[in-house]
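Report on the structure given below.
Each reported figure results from applying straightforward, stated rules to the coordinates on display, with no laboratory input. All values reported here derive from a predicted model rather than from experimental measurement. Here the Cβ positions follow ideal geometry from the backbone for every residue, glycine too, while neighbour counts run over all protein chains shown.
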Amino acid sequence: MKILVLGASGLTGSAILRALQAEGHSVSGTCRTASDPALFPFDLEEPQAIVPLLERIRPDVVVSCLRGEFTRQLEAHRLLAQFLYQHHGKLLYLSTANVFDGDLSRPHYEGDSPCSDSTYGQFKIACEALLQARLGQDLIILRPPEIWGLDCPRLHSLTQRLRAGSSLQTYENLSVNYAVDTQIAQWIVFILEHGLRGIFHVGTRDISDYTAFLERLAEGRSLPKPRFDIERNEIPRYQAVLPGRQEIPARLQISVGDVLRYLTSAPAL
Ligand SMILES: NC(=O)c1ccc[n+]([C@@H]2O[C@H](COP(=O)([O-])OP(=O)(O)OC[C@H]3O[C@@H](n4cnc5c(N)ncnc54)[C@H](OP(=O)(O)O)[C@@H]3O)[C@@H](O)[C@H]2O)c1
């Protein structure tokens, strides 16, 4: 089985590439700006350039972790789905918890219908639908909430802001769940090796208050105590995609406590 990771130089894509390689899979990846000679260059400036790339690599499975301008992403994914349909391939697509940001009244499970108010969430819903229409059962959708990693922009920015004495933006009465790069990578390996299909909400099985998580993270990394700019909201809101798929074993399920332990396991750079 030949696997191609689109966006393999990014936070999640690089973790997925490493995990698949560690399991002995034949895997290649793309980057746009990263200067990694082991990766194929691919830039959404020319979405159609995906076709010769696919014809050259001939992957059986593609994992899409791309970012970029939405219209160009849609075009590249349309061409990708067409190629995979013609070659009986499979696609694992990284969507987002934002497909539910139009209904923050409760956490969401895989069976819920997406409903988004944001341009980003609506784009991801459109891309899910476009891929689904072409690939059907051969499309696997993963919807992560906020993704964290030991080397992620979010953690670097938090560290810099706190050290500079800057305040952090937060939201009253907001509960969320989290994902980490390595968890998503392990789930993808498991999903592929066990032939699972459908939609997966990949994140912690529990939720946390948004502000409390930032406080615990800062404390765990011995950073200055955060000062917050708090957006007030009286009504409790949830931006959480909870994992409901029974096929994912307990050893791959994580809690918010596990995320904090992971993120505080290395000293702040
Ligand atoms: N991070 C989160 O909290 C989060 C949460 C939910 C869902 N997601 C989704 O998960 C996926 C991966 O997110 P991530 O945070 O891991 O992404 P990331 O770190 O920003 O990496 C994005 C990847 O896409 C490539 N890329 C960016 N712009 C491109 C362009 N114009 N043309 C071609 N390639 C381009 C990057 O290449 P270079 O690095 O070489 O430029 C990189 O390999 C995305 O689809 C995102 O929407 C992310």
Among Thr170, Thr211, Thr30, residue whose mean-square fluctuation peaks in a GNM of the chain (springs only between Cα atoms under 10 Å):
Thr170
Compute the angle between helix 11-22 and the longest alpha-carbon principal axis of the chain, please, reported from 0 to 90 degrees and rounded to the nearest 10.
60
How many percent of DSSP beta bridges within the chain run antiparallel, rounded to 5?
5
Given H placed on each backbone N at 1.01 Å, which residues far from Phe40 in sequence or on other chains put an amide H within less than 5 Å of it?
Gly29, Thr30, Cys31
Equivalent ellipsoid dimensions for the stretch 117-161 as semi-axes, Å, which come from the Cα gyration tensor, largest first:
31, 14, 6
Each label sits 7 Å from Cα toward the beta-carbon; between Glu247 and Glu219 the label points are separated, in nm, by 4.0
Given H placed on each backbone N at 1.01 Å, which residues far from Tyr178 in sequence or on other chains put an amide H within less than 5 Å of it?
Thr204
For the chain, set up a GNM with springs between Cα atoms under 10 Å and report which of Leu17, Leu92, Leu196 has the largest fluctuation.
Leu196
Hey, what do the phi angles of the stretch 160-174 turn into as Karplus ³J(HN,Hα) couplings, whole Hz, using 6.51/-1.76/1.60 and θ = phi - 60°, x for Gly and Pro?
5, 5, 5, 5, 7, x, 7, 7, 10, 7, 8, 9, 5, 6, 10
log10 I(q)/I(0), Debye, Cα-only the chain, no solvent, q = 0.08, 0.13 Å⁻¹?
-0.33, -0.88
Pull up the cross-link candidates among the lysines for Lys2, meaning alpha carbon to alpha carbon under 28 Å and not fewer than 8 places away within one chain.
Lys90, Lys124
Using only the C-alpha atoms of the stretch 1-118, find the volume of their convex hull and express it per residue in Å³.
130
Take the Cα radius of gyration of the stretch 90-178 and divide it by 2.2 N^0.38 Å, with N its residue count; two decimals is plenty.
1.32
Answer rounded, prolate or oblate for the stretch 203-269, using the Cα gyration tensor with square roots of eigenvalues a ≥ b ≥ c: rounded when a/c is under 1.5, else prolate when a/b is larger than b/c, else oblate.
oblate
Quick one: longest stretch of the chain between exposed loop GluC sites (Glu not before Pro), exposed meaning at most 14 other C-beta atoms within 10 Å and loop per DSSP?
70-233
Only Cα pairs within less than 10 Å get springs; with that Gaussian network setup on the chain, which residue of Arg245, Arg221, Arg163 has the largest fluctuation?
Arg163
Step through the residues of the stretch 27-38 one at a time and calculate ³J(HN,Hα) from phi using the Karplus curve (6.51 cos²θ - 1.76 cosθ + 1.60, θ = phi - 60°), rounding each to whole Hz and writing x for Gly and Pro.
9, 10, x, 10, 9, 10, 9, 5, 9, 10, x, 7
Given H placed 1.01 Å from N in the peptide plane, which residues other than close sequence neighbours of Lys90 have an amide H under 5 Å from its amide H?
Val61, Val62
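Does the stretch 145-247 classify as rounded, prolate or oblate by the C-alpha gyration tensor (a ≥ b ≥ c root eigenvalues; a/c under 1.5 gives rounded; else a/b over b/c gives prolate, otherwise oblate)?
Oblate shape, in that a/c is at least 1.5 and b/c is the bigger or equal ratio.
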